[in-house]
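Peer 1: One structure, as structure tokens, below. Some questions next.
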Amino acid sequence: MKPRLEKLTLEPKYSFILQKDVYPYYPTPWHYHPEYELVLVLKSSGQRTVGDHTDTFTDGDLVFLGPNLPHAYQNDPAYYQGNPDLTAEAIVIHFREEFLGKTFFNLPEMIAINQLFDKAKFGLKITGNTRQQIADKMQEMLTLSGYRRITHLLHILELLSLSDEYQLLVSPGFVEQYVPAGTDPITKVHAYIIANFRKDISLANAAEVANMSIPSFCRSFKACTRKSFSHFLNEVRVGYACKLLLEDKFNISRVCYESGFNNMSNFNLQFKKVTGIPPLKYKKMRNENPSYSSGS
């Protein structure tokens with residue numbers, strides 16, 4: 001199912017959106033918007049889907065999402081049964097990259113935050129001490145006004161940009177605009193895979209792009225990505241297949257070949273390895289999930 005575009009309303013006296021939401025359950029559909037989004041779950045539990053990644057969430061869950069990245073939150077079934085003791089509460093920040101001017105984040109001092117923005121297009125789940133620090137900052141922001149709101153947001157972005165306490169959520173194949181920076185051999189191979197994953201790519205092709213022997217390339221690629229070349233390639237292809245299944249333009253057989261797999265048997269096998277479920281079940285789950293079709 002295609003995500004819906006959500007148009008966020010910005011109050012004239014503010015340059016970005018900061019709000020605390022309290023609902024019987026999260027009403028957000030499967031949607032996207034051009035703003036960055038930082039979501040701190042204060043209270044409630046359920047299932048969070050970002051792109052082709054699905055995980056459970058509970059109190060304290062914190063994610064940072066890049067622009068136009070489809071996502072949805074669905075609470076556990078008990079939240080939809082009218083129980084007044086159950087509420088879904090969150091603090092949410094939305095901002096556009098140019099909210100401080102078109103060139104602000106291009107300043108030399110903003111290099112680390114620019115790198116953070118590049119990661120955010122995959123969605124980041126924030127963990128550890130960084131999560132707690134940012135949660136405290138977000139709670140404090142609710143009491144602030146004027147320029148202190150902006151300085152707190154910049155401090156949050158700084159904390160995120162300097163931390164390694166995060167998990168990337170979305171696979172490269174789902175993020176069509178993924179363009180790795182740099183010119184080192186493994187980065188060249190990443191770019192080559194993203195540009196050509198729908199074609200027949202061999203290990204020898206990739207090693208040639210990196211200008212390495214096959215054994216050297218395999219060692220270097222695994223050291224950089226913590227994955228084998230074939231595993232990474234299949235993740236990219238499956239991520240793209242998930243995107244096609246959600247768009248619901250093609251039948252599963254067509255999705256198989258559009259994603260770079262050359263037979264249905266291998267497609268089903270690799271899809272289940274990556275997502276945990278077969279492609280047909282994945283498609284049915286997404287289409288039947290009320291979180292992806294309800295309005296807000």
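The values are calculated or read from the model by the stated rules, or taken from the named source; none is laboratory data. Everything numeric here is computed off the predicted structure, so don't read it as measured data. Note: ideal-geometry Cβ built from the backbone for every residue, glycine included; neighbour counts use all protein chains shown.
Peer 1: At pLDDT 90 or above and of a type outside the set (Phe, Trp, Tyr), is that true of Glu11?
Peer 2: no
Peer 1: Go through (1) surrounded by fewer than 22 Cβ atoms within 10 Å (Cβ to Cβ); (2) under 18 Å from the mean Cα position of the chain (by Cα) for His231 and report which single condition fails.
Peer 2: (2)
Peer 1: Of the numbered conditions (1) among the hydroxyl-bearing types (Ser, Thr, Tyr); (2) at pLDDT 90 or above; (3) in the same structural domain as Lys281 (by TED's automatic domain parsing), Tyr147 fails exactly one; give the number of that condition.
Peer 2: (3)
Peer 1: How many residues, within segment 242-254, are touching a Lys or Arg at 6+ places or on another chain (Cβ under 9 Å) and either surrounded by 18 or more Cβ atoms within 10 Å (Cβ to Cβ) or assigned to a helix (DSSP H, G or I) (or both)?
Peer 2: Total meeting the criteria: 6.
Peer 1: Criterion first (within 27 Å of Leu116 (Cβ to Cβ), outside the structural domain of Asn251 (by TED's automatic domain parsing) and surrounded by 15 or more Cβ atoms within 10 Å (Cβ to Cβ)) does Leu40 satisfy it?
Peer 2: Against the criterion (within 27 Å of Leu116 (Cβ to Cβ), outside the structural domain of Asn251 (by TED's automatic domain parsing) and surrounded by 15 or more Cβ atoms within 10 Å (Cβ to Cβ)), Leu40 qualifies.
Peer 1: Continuing with the same structure: Tally time: how many residues in segment 97-151 are outside any helix (DSSP H, G or I), hydrophobic (A, V, I, L, M, F, W, C) and over 30 Å from Asp55 (Cα atoms)?
Peer 2: Residues meeting the conditions: 4.
Peer 1: Got at least one residue in segment 8-25 being assigned to a loop (DSSP other than H, G, I, E, B) and closer than 23 Å to Thr127 by Cα?
Peer 2: Checked segment 8-25: no residue is assigned to a loop (DSSP other than H, G, I, E, B) and closer than 23 Å to Thr127 by Cα.
Peer 1: Could you list, in sequence order, the residues of segment 87-109 that are free of Cβ contacts under 8 Å to residues at least 40 places away in the same chain and out of contact with any helix residue (DSSP H, G or I) (no Cβ under 8 Å at 6 or more places or on another chain)?
Peer 2: Answer for segment 87-109, where residues must be free of Cβ contacts under 8 Å to residues at least 40 places away in the same chain and out of contact with any helix residue (DSSP H, G or I) (no Cβ under 8 Å at 6 or more places or on another chain): Gly101, Lys102, Thr103, Leu107, Pro108, Glu109.
Peer 1: Any chance you could count how many residues in segment 27-57 are under 17 Å from Met138 (Cβ atoms) and over 14 Å from the mean Cα position of the chain (by Cα)?
Peer 2: Counting residues in segment 27-57 that are under 17 Å from Met138 (Cβ atoms) and over 14 Å from the mean Cα position of the chain (by Cα) gives 6.
Peer 1: Could we say that Arg254 is over 22 Å from Leu169 (Cβ atoms) and among the basic types (Lys, Arg) here?
Peer 2: Yes, satisfied.
Peer 1: Cβ-Cβ under 6 Å, sequence separation 6+ or interchain: first residue in segment 240-267 and at positive phi, partner in a helix (DSSP H, G or I). Which pairs?
Peer 2: Final answer for the pair search is Gly260/Arg237.
Peer 1: Given the criterion of a type outside the set (Phe, Trp, Tyr) and under 23 Å from Leu246 (Cα atoms), identify the matching residue among Leu42, Leu18, Leu5.
Peer 2: Going through Leu42, Leu18, Leu5 in turn, just one is of a type outside the set (Phe, Trp, Tyr) and under 23 Å from Leu246 (Cα atoms): Leu5.
Peer 1: Also, I was wondering about something else. Could you list all residues from segment 110-119 that are surrounded by 14 or more Cβ atoms within 10 Å (Cβ to Cβ) and touching a helix residue (DSSP H, G or I) at 6+ places or on another chain (Cβ under 8 Å)?
Peer 2: The answer is Met110, Ile113, Asn114, Leu116, Phe117.
Peer 1: For residues that are closer than 30 Å to Leu142 by Cβ and outside any helix (DSSP H, G or I), scanning just segment 152-191, find the one that is modelled with the lowest pLDDT.
Peer 2: Val170
Peer 1: Now, a different point. If I go through segment 257-272 residue by residue, how many of them are within 13 Å of Leu233 (Cβ to Cβ) and surrounded by fewer than 16 Cβ atoms within 10 Å (Cβ to Cβ)?
Peer 2: Adding up the residues that qualify gives 2.
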